[in-house]
Amino acid sequence: MALQQTELRPMGKSIARKEDPRFLRGKGRYVDDVILPNMLYMAILRSPYAHARIRRIDTSAALAAPGVKLVLTGEDLAKMNLAWMPTLNGDQQMVLAVDKVLFQYQEVAAVVAETRAQAEDALQLIEVDYEPLPVVVDPFKALEPDAPILREDREKKSNHIWHWESGDREETENVFRDAPVVVKQDVRFQRVHPSPLEPCGCVADYNTATGRLTFYVTSQAPHVHRTVIAMLSGIPEHQIRVISPDVGGGFGNKVGVYPGYVVAVAASLKLGVLVKWIETRTENIASTSFARDFHMTCEIAAREDGRVLGLRVKTIADHGAFDAAANPTKFPAGLFNIVTGSYDFKAAFVEVDAVYTNKAPGGVAYRCSFRVTEAAYLIERTMDVLAQRLKIDPAELRFRNFIRKDQFPYKSPTGWVYDSGDYEKTLKLALERIGYDELRKEQAEKRARGEFMGIGISTFTEIVGGGPKNTFDILGIKMFDSAEIRVHPTGKVIARLGVRHQGQGHETTFAQIIAEELGLSADDVLIEEGDTDTAPYGLGTYASRSTPTAGAAAALCARRIREKARKIAAHLLEVGEDDVVWDGTAFSAKGLPGKSVTMKDVAFAAYTDVPDGVEPGLEATYYYDPPNLTFPHGAYIAVVDIDKGTGAVKVRRFLAVDDCGNVINPMIVEGQVHGGLTEGFAIAFMQDIPYDSNGNCLAPNWMDYLVPTALDTPHWETDRTVTPSPHHPIGAKGVGESPNVGSPAAFVNAVVDALSPLGVEHIDMPLYPWKIWKILREHGINE
Ligand code: CDP
């Protein structure tokens with residue numbers, strides 16, 4: 001049961017979420033709730049073609065339509081130098097199409113009118129003369145020499161974007177040459193979409209008198225948005241205030257700057273009034289950052305006894321029309337080279353080639369920790385292929401290959417230094433809790449009866465906390481994060497952070513961290529995020545980075561306050577500073593029992609009775625540059641039964657044992673795990689964004705792109721082990737992404753395990769019932 005927020009020493013306790021009363025009672029304030037006087041509404045005309053030359057755009061009828069104040073095309077934006085914008089992965093993207101369109105639903109023109117309906121009606125009156133061009137949706141075909149060149153704006157006349165590699169090619173080749181066993185598996189991680197409940201949107205309010213832009217936007221990274229808008233629009237950065245109100249789910253979808261935002265700012269600049277733009281569901285799914293679309297080939301070299309030696313991975317990354325993945329600059333393929341996972345490989349070599357196709361841009365989103373989802377899925381899937389080939393139990397194979405506890409800090413063959421972990425302990429706990437041996441016995445009995453039951457294991461390693469300034473930046477800005485804490489005279493606290501939560505409970509957990517450090521209760525601490533005029537600069541919330549970065553900043557910032565408080569306490573206790581002892585809730589004087597002052601007493605004195613030589617007030621700011629990333633891990637086990645007649649998979653049990661170091665709030669962590677598992681389940685069984693050969697997006701709505709309901713979702717069992725991060729000030733690691741990173745492989749491994757008596761070694765996600773039904777039928781099972 002959740003505890004009251006008034007508890008002292010709240011660290012590690014399941015304190016009730018401060019944000020729940022507002023969210024559960026419908027009192028959240030989202031960007032669409034921003035309704036201001038004289039606000040105009042914008043709608044965007046989108047391309048019906050995936051690839052077409054634009055011969056002419058006629059906007060005259062739309063301009064004459066009732067209520068219409070402005071119509072913008074790419075040519076209009078070109079005059080404002082806003083026709084193209086930089087992406088977060090070093091590419092450029094059209095804001096409104098100039099000359100040609102490159103994917104279906106691409107932004108072509110915008111109408112601003114007095115009402116949203118008028119703006120949408122006027123869109124129908126814009127005439128665009130398109131000349132269809134050959135379409136490329138298959139990334140492999142895009143690389144063929146005779147493929148049409150999609151990006152004519154680039155000097156490089158090819159659809160190949162970049163090549164990236166990691167590890168030691170030669171050493172890996174040597175290991176493979178001598179290895180007694182080599183398994184190879186092609187694995188596709190399909191195109192999916194984070195699809196948060198609240199789509200993207202903004203209100204741009206440019207005041208012509210003050211030259212100030214107030215920009216309300218549903219954003220996971222408000223400071224990054226401010227900097228990008230300043231660089232694009234020429235408005236000085238201090239004249240831009242980005243406010244990210246409550247965010248109705250992000251999952252990576254709200255990190256990037258989308259064309260609609262730039263057009264809304266341009267319209268507000270032109271008209272000098274407020275312009276609101278809120279996407280439809282279809283616009284969100286079909287044009288904003290998708291996730292994954294990785295075509296991977298994985299090879300493992302091993303000994304006969306299953307001991308792994310080498311790993312070789314080749315990947316084609318389909319980025320769509322623009323390379324708009326939000327990655328740290330030095331990692332064009334994200335942190336995909338964590339693909340050696342939890343296993344002690346001697347050598348590894350990983351290559352990724354990125355490709356343009358006529359599909360929506362994006363690439364990194366959906367709770368993926370910068371492509372760790374693809375990496376974890378690939379290694380966990382291929383380890384099972386190896387187990388199957390060698391007829392070794394998949395749990396046993398993992399035990400034989402885990403990085404051992406005494407090997408940490410562990411340097412991986414692709415250069416990461418894992419901070420801590422105890423993989424053996426976590427898997428042992430998972431096997432015991434699920435009753436692995438009994439399940440295997442049950443499976444054997446069922447197999448004998450011709451039934452299909454499967455058990456799937458995934459023992460993943462995550463990598464979160466981007467990141468150390470030497471290696472991590474976005475657009476040159478180092479990926480530190482920040483906290484600013486101000487203690488008021490009555491001992492109540494406001495803390496502002498550079499991150500921006502989207503439902504993760506920061507208002508509770510960060511209050512717990514600060515309260516713990518200051519001897520207060522979480523109720524005494526108000527957390528504010530999302531307003532760039534007040535919060536210190538931060539890179540935002542995604543990739544489970546908030547706890548490793550801003551969580552650390554919050555703790556260290558509070559410790560800074562405690563150091564100053566100690567000076568004031570010494571004055572109040574009438575002893576020297578060295579004689580002041582802090583016990584977690586109060587300062588006392590060494591050798592003077594019964595004499596103590598609380599942080600509240602000190603706070604009051606900071607404004608009323610400050611000793612000479614001490615600055616009045618009680619506040620601090622901390623910018624935290626993490627020395628390393630944190631490496632959470634987990635052992636997940638899925639148990640499935642397959643219906644022979646329909647191919648439907650029932651997830652009978654699912655156990656997630658997570659290790660995210662010291663836990664701030666167990667209930668919130670459990671909630672994060674439940675949410676992430678539900679998304680992982682959706683990806684494994686029901687989500688895909690396919691395109692037909694003409695580049696039509698076949699799942700641009702929630703009828704075709706499925707989001708699981710409570711009825712579809714299995715019951716989740718959870719547990720945890722605790723291996724603190726040695727370098728994080730409170731020993732915590734991130735957790736938000738872990739369940740989505742770790743679970744798809746457990747589901748697929750379970751289904752393949754069920755079908756393994758038929759010789760099945762791999763099935764690409766999503767595991768639709770028809771796919772399984774077809775396999776069963778091919779083997780004469782359900783004829
Ligand atoms: O960056 P994001 O907030 O999405 O991910 P996170 O840092 O993994 O945190 C998700 C939520 O779980 C936050 O409210 C964290 O404070 C909480 N958490 C926790 O209570 N203990 C941990 N060891 C890690 C996260």
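Looking at V95, is it modelled with pLDDT of 95 or more, out of contact with any Gly (no Cβ under 9 Å at 6 or more places or on another chain) and farther than 17 Å from G695 by Cα? I'd like the intermediate steps shown before the answer.
Details: modelled with pLDDT of 95 or more: yes; out of contact with any Gly (no Cβ under 9 Å at 6 or more places or on another chain): no; farther than 17 Å from G695 by Cα: yes.
So V95 fails the test.
Go through segment 31-89 and count every residue that is within 30 Å of L539 (Cα to Cα) and exposed (fewer than 14 other Cβ atoms within 10 Å of the Cβ).
Matching residues across segment 31-89 total 4.
Go through segment 654-674 and count every residue that is among the β-branched types (V, I, T) and within 9 Å of the ligand (Cβ to nearest atom).
The initial filter retains those residues of segment 654-674 that are among the β-branched types (V, I, T), namely 657, 663-664, 668-669, 673.
Retained after the next criterion (residues that are within 9 Å of the ligand (Cβ to nearest atom)): 663-664, 668-669.
Adding up the residues that qualify gives 4.
Please find, among A603, A635, A684, the residue that is more than 16 Å from the ligand (Cβ to nearest atom), over 30 Å from R440 (Cβ atoms) and surrounded by 23 or more Cβ atoms within 10 Å (Cβ to Cβ). Quick ask: steps written out before the conclusion?
Values: A635 fails: over 30 Å from R440 (Cβ atoms); A684 fails: over 30 Å from R440 (Cβ atoms).
Just a single option satisfies the conditions, and that option is A603.
List every residue pair whose Cβ atoms sit under 6 Å apart, with the two residues 6 or more apart in sequence or on different chains, where the first one lies in segment 485-507 and is closer than 22 Å to P548 by Cα and free of Cβ contacts under 8 Å to residues at least 40 places away in the same chain and the second, anywhere, is among the basic types (K, R) and away from the ligand (no atom under 16 Å from the Cβ).
As it stands, the answer is I494/R486, since those pairs meet every condition given.
Name, by its number, the condition in (1) over 19 Å from the mean Cα position of the chain (by Cα); (2) closer than 28 Å to A317 by Cα that does not hold for Q190.
Answer for Q190: the failing condition is (1).
The values are calculated or read from the model by the stated rules, or taken from the named source; none is laboratory data. Nothing here was measured: the structure is a model prediction, and the numbers come from that model. Positions of Cβ are generated from backbone atoms using ideal geometry, with glycine treated the same way; all protein chains shown enter the neighbour counts.
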